[in-house]
1. Could you check, for the range 33-53, whether at least one of its residues is surrounded by fewer than 17 Cβ atoms within 10 Å (Cβ to Cβ), part of a strand (DSSP E or B) and more than 12 Å from the chain's Cα centre (by Cα)?
2. Could you list, in sequence order, the residues of the range 62-104 that are without any contact (Cβ under 8 Å) to a residue 40 or more places away in the chain and under 10 Å from the mean Cα position of the chain (by Cα)?
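Computed from the coordinates by the stated procedures, all read-outs in this text should not be read as laboratory data. Quantities reported herein were computed from a predicted structural model and do not represent experimental measurements. Here Cβ is always computed from backbone atoms with ideal geometry, including for glycine, and neighbour counts include all displayed protein chains.
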Amino acid sequence: MTDRIDLGLKDATTAGCACCAAPASTAIEIPAAGNTAVTEEVLVSGMTCSHCVSSVTEELSGIDGVQNVTVDLHAGGTSRVTIHSASPLDAVQVKAAVEEAGYTVTTITA
């Protein structure tokens with residue numbers, strides 16, 4: 001049988017399923033210019049897929065003052081997480097949020 005019906009369960013442009021296909025970068029929309037007062041970067045190890053990105057993003061977004069989280073996923077390596085906030089964040093809170101999601105912070109920079 002050569003005729004197949006695409007059920008839309010897989011993203012045809014990436015390898016793997018649509019849930020776990022590792023994009024080069026996963027980002028949430030950045031707020032309008034001038035709204036972000038502080039940008040901090042966190043290096044996180046252990047993330048492998050878009051579900052990992054969602055978990056870390058959700059935990060970090062729960063910190064008061066966080067406006068936006070952007071993740072540059074490097075599956076199986078160290079991923080760069082950029083946090084935009086209204087004011088400087090407590091490094092202990094950031095580390096706790098990442099650990100709550102199940103991953104390890106390797107570096108926090110402002």
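1. yes
2. Selection gives SER79, ARG80.
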